[in-house]
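Note sheet for the following structure.
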């Protein structure tokens, strides 16, 4: 479990950086910014520490190469696999989305969008999805899953990585006015960020849904030996959720609203059920293709 400890330790390092170095970074940077925001400065410090730690870790673990990190395919083939999986991911989300609409679990908000607005929204959603997916999949399925697989096997690696993947989605966002920033604000930010974990039943439905999604992505990594499909699928799912959240909201008055999580109004028991169906589709799709398993 050395690899698991190292990568969870990197996440802890980033969080510690927020608590310990957030305020000093604020004092250093805020005078140079027109509209300084503590949460942005502290978060950047945490990400910087995490990035530095990640680079050191992959070098020490002898993983500083494209194959180990999941980028072993030739660039053109890698991009082709990403965009195939992106389309596949969007298509696989449609049954869950249609179920929400047919059962009146979400309602449209705002004025109807014209064609140009829909295009802008879709492009923004895809770009957001690709950015999020590239970062998360490189760390989790690229490096972390590979390292754990070498030590403990693919099944253990998929489970542990999926648990970490799900947990990171419940680190809360903290906001504070510039005038209220003080030496303890970094600690306050960390405490708030982790506050949801004090009441796990509040997000258990969304957590299990994300664990299931993590398992699907882990399977794609194990079947293909790279993270191209992981990035594409992840980006497609993020893009759909982005568009849905921008154009509709959870219908609180619906008798089936309990099937959608309070956390973001999209994940929950209903999506968990569809995720299991999606898992079968993904397994059938990627198993029939030539396997490039993690060495």
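Only the coordinates and a few stated rules stand behind these numbers; no lab work does. On a predicted model such as this, the values are computed, not experimentally measured, just so you know.
Of all the options 92, 113, 121, the one that moves most in a Gaussian network model of the chain with Cα springs shorter than 10 angstrom is 113. Set against the labelled values (i) 73, 39, 36; (ii) 66, 40, 30; (iii) 55, 52, 39, Cα extents along the principal axes in Å computed from this structure falls on (iii). Helical runs assigned H by DSSP (4 residues or longer) give the chain a calculated mean residue ellipticity at 222 nm of -22500 deg cm²/dmol, each run adding -39500 (n - 2.57) before division by the residue total. Distance between Cα centroids, region 80-103 to region 199-243: provide it in whole Å. Each part's Cα centre sits 13 Å from the other's. Size of region 143-295: Rg and Dmax of its alpha carbons, in Å, are 18.2, 59. Put simply, the convex hull of the Cα atoms in region 37-109 casts, on average, a shadow of 9.0 nm². Considering only 82, 280, 45, give the residue with the highest GNM mean-square fluctuation for the chain, with springs between Cα atoms whenever their separation is below 10 Å. Of 82, 280, 45, the most mobile in the Gaussian network model is 280. Region 1-61 and region 108-175 have Cα centres spaced 19 Å apart. Within the listed set 193, 228, 157, the residue fluctuating most in the Gaussian network model of the chain (springs between alpha-carbon atoms under 10 angstrom) is 193. Size of region 185-238: Rg and Dmax of its alpha carbons, in Å, are 15.5, 45.
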